[in-house]
Structures are given as C-alpha cells and as structure tokens.
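Chemist: Take a look at the following structure, please.
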Amino acid sequence: QVQLMESGGGGGLVQAGGSLRLSCAASGSIFQINTMDWYRQAPGKQRELVAASTSAGSTNYADSVEGRFTISRDNAKRTLYLQMDSLKPEDTGVYYCHADIMPTREPYVYSYWGQGTQVTVSS
C-alpha cells in the first residue's frame, strides 16, 4: 500500500511575506514514481495545481506562484518539497501532495493523494 505524508504546514499562521517549506514523503510498495505535484484548495474554491515535477526533473508552476514557490524532489528519499517564499494571504488553503506511481514492475500507474496540510497566511 502506498502512502503520501505531508508535513510543514502545521496548521499554524504565517504572516504575509513569510516563508514555509512543505514536505511530502512517499512510502509503501513503490517500484517507480513518475510525476509528483502540489495542489491546493482554498475555502469555497476548486482544487488547483500549484507546481509539478517530473521524474526527469522538469518543473511547472501556476502563474500565481511563479517566482515565489520552488518545487523540488529527492528521488532517493522519495520526498517532494515545496519552498514557499513571499507568501500572500491568497496562498491560504489546504495543500495536497499528489503522485503518479507504479507500485510494481507491471505497467500500471496509479494516482495517490496525501491527506493535506493547512497553510494560513495572515495579512
């Protein structure tokens, strides 16, 4: 069974202009991890893609976070990171880790989600 465990948001408050670093560790039966992403969901809004990272090292960002957030991953540790700088109140939401994973050598890829971690930015 595959699990994604986020940490770093802590449910606490950070002031606008501040920084936070989120982590997401994948564990369980994993043969290969393909794309790993960060999504967020603000109150009353749909879940949106924040940043994506492929196994080859390519990255992609939402326009709203470009230049402020940095996604990175440590493939050996099966861990994804999101460094968030110059935070704004509109960055507030629940941040979810997502990954497309092959659990075994069989060519089947499954989508997994973490439980989410709250990020709250005060003005």
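The values are calculated or read from the model by the stated rules, or taken from the named source; none is laboratory data. Every value quoted in this text rests on a predicted model; they were computed, and no experiment measured them. Neighbour counts are summed over all protein chains in view; Cβ atoms, including those assigned to glycine, are modelled from backbone coordinates with ideal geometry. Side chains included, ligands, DNA and RNA excluded: accessible areas come from the protein's heavy atoms. Shrake-Rupley method; radii C 1.70, N 1.55, O 1.52, S 1.80 Å.
Chemist: Quick one: which residues, 5 or more positions from L87 or on another chain, have an amide H under 5 Å from its amide H? H modelled 1.01 Å from N in the peptide plane, none for Pro or chain starts.
Modeler: Here the answer is G17, G18, since their amide H atoms fall under 5 Å of that of L87.
Chemist: Kindly report the accessible area of the chain per residue (heavy atoms of protein chains, probe 1.4 Å, no ligands, DNA or RNA), in Å².
Modeler: In whole numbers, the chain has 54 Å² accessible per residue.
Chemist: Something else now. Hey, for a label at Q41 modelled as a point 7 Å past Cα toward Cβ, could you say which residues of region 63-79 have their backbone N under 20 Å away?
Modeler: What the label zone holds, given the 20 Å backbone N cut-off, is no residue at all.
Chemist: Order the peptides 99-109, 79-89, 56-66 from the highest to the lowest mean number of other Cβ atoms within 10 Å of their residues.
Modeler: 79-89, 99-109, 56-66
Chemist: Over the Cα atoms of the chain, what Rg and Dmax result, in angstrom?
Modeler: Cα only, the chain: 14.2, 49 Å (Rg, Dmax).
Chemist: I've got another one for you. Note down the net charge around M84, summing +1 for each Lys or Arg and -1 for each Asp or Glu among other residues with Cβ under 14 Å from its Cβ.
Modeler: The answer is -1.
Chemist: Give the Rg/Rh ratio for region 58-123, taking Rg as the radius of gyration of the Cα atoms and Rh as the Kirkwood radius, to two decimals.
Modeler: Using Cα coordinates only, the ratio equals 1.04.
Chemist: Grab the other residues whose beta carbon is less than 14 angstrom from that of Y61, score K and R as +1, D and E as -1, and report the net.
Modeler: Once all neighbours under 14 Å are counted, the net charge is -4.
Chemist: Would you mind getting me the FRET efficiency between K88 and T54? Use the beta-carbon distance for r and R0 = 25 Å, nearest 0.05.
Modeler: 0.40
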